[in-house]
1. Which of (1) within 14 Å of the chain's Cα centre (by Cα); (2) farther than 15 Å from A:ILE85 by Cβ does A:ASP18 not meet, given it meets every other one?
2. Quick check: anything in region A:76-90 of a type in the set (Asp, Glu), within 11 Å of another protein chain (Cβ to nearest Cβ) and surrounded by 15 or more Cβ atoms within 10 Å (Cβ to Cβ)?
3. All but one of (1) within 30 Å of B:THR74 (Cα to Cα); (2) away from chain B (no Cβ under 14 Å); (3) surrounded by 15 or more Cβ atoms within 10 Å (Cβ to Cβ) hold for A:TYR65; state the number of the condition that does not hold.
4. Give region B:1-49 a look and list any residue that's surrounded by fewer than 18 Cβ atoms within 10 Å (Cβ to Cβ), within 14 Å of chain A (Cβ to nearest Cβ) and assigned to a helix (DSSP H, G or I), or say none.
5. So, in region A:51-97, exactly how many residues are among the small types (Gly, Ala, Ser) and on the phi > 0 side of the Ramachandran plot?
6. Which members of region A:26-54 meet the condition of being among the hydrophobic types (A, V, I, L, M, F, W, C) and within 16 Å of B:ALA41 (Cβ to Cβ)?
7. If I ask for residues that are among the β-branched types (Val, Ile, Thr) and modelled with pLDDT of 95 or more, which ones from region A:1-58 would you list?
8. When you go through (1) more than 14 Å from chain A (Cβ to nearest Cβ); (2) buried (at least 20 other Cβ atoms within 10 Å of the Cβ) one by one for B:PRO59, which number turns out not to apply?
Number of protein chains: 2
Amino acid sequence: MIAKLTDGERSDLLPTLDGWAHEPQRDALTKRFTFDDFVGAFGFMTQVALLAEKADHHPEWSNVYNRVDILLTTHDAGGLSQRDIEMARQIDAVAKG
Amino acid sequence: MIAKLTDGERSDLLPTLDGWAHEPQRDALTKRFTFDDFVGAFGFMTQVALLAEKADHHPEWSNVYNRVDILLTTHDAGGLSQRDIEMARQIDAVAKG
């Protein structure tokens with residue numbers, strides 16, 4: 001069982017993230033990434049897919065042409081865990097290239 | 001401008017597709033594909049991405065772990081066109097391996 005973030009951890013960690021919104025219904029982090037075109041978007045997804053598989057922590061995501069919408073939450077925790085914070089940071093690093 | 005499918009073309013073509021549903025609000029084709037795991041799902045998406053880029057006809061799609069939901073429509077036609085029928089068949093061929 002993975003621990004859900006405590007209120008204290010949320011206050012400390014969520015403000016340190018870059019542009020991720022908190023979605024209260026799912027207790028998830030969401031962010032939209034926009035690229036020049038489909039090749040940019042899918043290239044980004046491919047890099048994130050490799051990180052996600054390595055971490056065994058997979059995003060819920062959708063893609064329409066140059067846009068990628070990502071939602072991160074931890075099913076085993078029933079909400080946000082430290083793993084989502086780490087994955088959000090890794091995804092941002094990929095997006096920055 | 002790409003031509004929207006006529007009623008006659010719809011009657012002829014849609015029943016020939018394998019498991020694609022017609023979504024009337026978007027005038028789109030939708031289908032869910034399920035794989036053993038994330039690697040199976042994302043491997044499938046990667047093959048479809050290459051086909052889509054080659055055809056310059058991109059799906060709207062989402063992925064949650066081993067599941068991929070695809071929606072096909074032709075924005076330039078304001079609904080279904082021959083290009084969606086062709087892409088649906090190509091995607092099915094990829095899924096069959």
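1. (2)
2. No: zero hits.
3. Of (1) within 30 Å of B:THR74 (Cα to Cα); (2) away from chain B (no Cβ under 14 Å); (3) surrounded by 15 or more Cβ atoms within 10 Å (Cβ to Cβ), only one is false for A:TYR65: (2).
4. B:VAL39, B:GLY40, B:GLY43, B:THR46, B:GLN47
5. 3
6. A:PHE42, A:MET45, A:VAL48, A:ALA49, A:LEU50, A:LEU51, A:ALA52
7. Hits for region A:1-58 are A:THR6, A:THR16, A:THR30, A:THR34, A:VAL39, A:THR46, A:VAL48.
8. Result: B:PRO59 passes all but (1).
The values are calculated or read from the model by the stated rules, or taken from the named source; none is laboratory data. Everything numeric here is computed off the predicted structure, so don't read it as measured data. All Cβ positions, glycine included, derive from the backbone under ideal geometry; neighbour counts span all protein chains shown.
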